[in-house]
Amino acid sequence: MTTSFTIQPSKRLAGLTSAIFTEMNRRKREVEARGEREVIDLGIGSPDQPPSPLIMEALSHAVRNPDNYGYPTSEGSLRFRETVTRWYDHRFHVKLDPEHEILSLMGSQDGLAHLAQGWIDPGDIVLVPDPGYPIYFASVALAGGEVYPLPLREENDFLPDFGQIPEEIRRRAKLMVLNYPNNPVAATVKEGFFEEVVAFARENQIIVAHDQAYSELAFNGYRPPSFLETPGAKDIGVEFNSLSKSFNMAGCRVGYLVGNREIIRPLAVIKSNIDYGIFLAVQEAAVAAMEHDMNHPGENRNFEVYEQRRDVLIDGLSEIGWHMTKPKATMFVWAKIPAGWTSEDFAFTLLEKAGVVVIPGNAFGKEGEGYVRIALVKPVDVLKEVIRRIKESRILSP
Ligand SMILES: *Cc1c(COP(=O)(O)O)cnc(C)c1O
């Protein structure tokens, strides 16, 4: 294709290109175009379950209220913020001030993308888990900062090792992002680790931003803790949370940031300049979700579905010789690939021979090499078909 358009996009854009995701999609379309069989996509991390009828009812009610059509505010309605306060107290026994310690977000992605804009100048360093959720890297690139990756390795239970961070990096680091339960590695936090984080952050004067998108999506009775439960955490930290996964409301774009008011403030200023907040009807639906959750814990969700899928997939793959750990939380499985492959070759070959999409681990950072991420976003019968196809592809025994 030739074009006479010669104006170049900004250099910042280069920090955003997720070449692997693009390539995976291109190849998926190619395989689909052959029309031999349907491609099963276990790549995307978007919940396939609807929200509870009660939430949809609250939303449709709020949509019919004429009062909900003015501009909202970027910090969120007082009602929304007060409900988050009560939910955080109920769920984690964390006390928050609804006036200053909560900021509504158009999905936590909004805040994850913009927090660095408020804190990072060129030359500042952000400590980012590797592998990590792509926006952590992209937000630093957009702010002109530098990423220092914190390797998450199996031998360290997928926790960063602060002892490995050189003195000079500690000095220049201003912000650290953490995420437990983790996407993509599906690990949960170990007892005592958040205490270690608080001590390290205080000693080195580093802001901690904990992404807790999967706080409710856990199995076998496990209840992930809030970072803000840790003594001293609110002095140096904030936490992102979201209704996307917890209440199957991903398309509603509703989340929030809670914690230290000084850390929140610059983001609030930026947001008051670039958006006017979440549609009030959506905030009402979020209020209904949290309220119902406090009154009838667990009823809003249907996470046994993911647990059952996890067991079917992992047990089934194990039977045909591919072994992986059962995660205690998230809707992902972080699977070590058989020896002799790179993550990309394995994922591309799996797509080619089995018609199954998974994400190569290196799409999430250098340390993701050697793994693929499998999302549990299809029903059990489809996962059984995945196992059958993988077996027939003979990819496990080349
Ligand atoms: C899904 C996800 C988010 C984004 O959530 P939204 O609130 O929908 O923007 C944030 N962090 C992680 C780790 C996620 O997997």
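Values in this text are rule-based calculations from the coordinates and carry no lab data. The structure presented is a predicted model; accordingly, all values stated were derived computationally and were not measured. Every residue, glycine as well, gets a Cβ built from its backbone with ideal geometry; the counts of neighbours run over all protein chains shown.
Data overview
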{"read-out": "Within segment 195-225, backbone nitrogen closer than 17 Å to the virtual label 7 Å beyond the Cα of residue 326 toward Cβ", "value": "218-223"}
{"read-out": "Intensity falloff of segment 277-343 expressed as log10 I(q)/I(0), Debye formula with alpha-carbon point scatterers, at q = 0.12 Å⁻¹", "value": "-0.54"}
{"read-out": "Efficiency of FRET from Cβ geometry, residue 164 and residue 71, R₀ 45 Å, rounded to 0.05", "value": "0.40"}
{"read-out": "Cβ-based exposure ranking for 392, 352, in which fewest neighbours within 10 Å come first", "value": "392, 352"}
{"read-out": "Principal axis dimensions, segment 9-76 - Cα atoms, whole angstrom, descending", "value": "49, 40, 17"}
{"read-out": "Two-site FRET efficiency, residue 54 against residue 272, from Cβ-Cβ distance with R₀ of 30 Å, rounded to 0.05", "value": "0.40"}
{"read-out": "Dimensions (Å) - segment 53-295, Cα atoms, principal axes, largest first", "value": "57, 43, 28"}
{"read-out": "In nm, spacing of pseudo-spin labels at residue 82 and residue 352 (7 Å Cα→C-beta vector)", "value": "6.1 nm"}
{"read-out": "Estimated FRET transfer efficiency when R0 is 45 angstrom, pair residue 93-residue 378 (beta carbons, to 0.05)", "value": "0.80"}
{"read-out": "Alpha carbon convex hull of segment 1-129, volume per residue in cubic angstrom", "value": "278 Å³"}
{"read-out": "Rg/Rg_ref, segment 334-395, where Rg_ref = 2.2 N^0.38 Å and atoms are Cα", "value": "1.08"}
{"read-out": "Percentage of interatomic Cα-Cα distances in segment 91-192 larger than 21 Å", "value": "43 percent"}
{"read-out": "Sorted by Cβ density within 10 Å, fewest first, the residues 196, 216", "value": "196, 216"}
{"read-out": "Footprinting exposure proxy for 367, 291 (fewest neighbouring C-beta atoms within 10 Å first)", "value": "291, 367"}
{"read-out": "Euclidean distance between Cα centres, segment 352-398 to segment 76-97, Å", "value": "39 Å"}
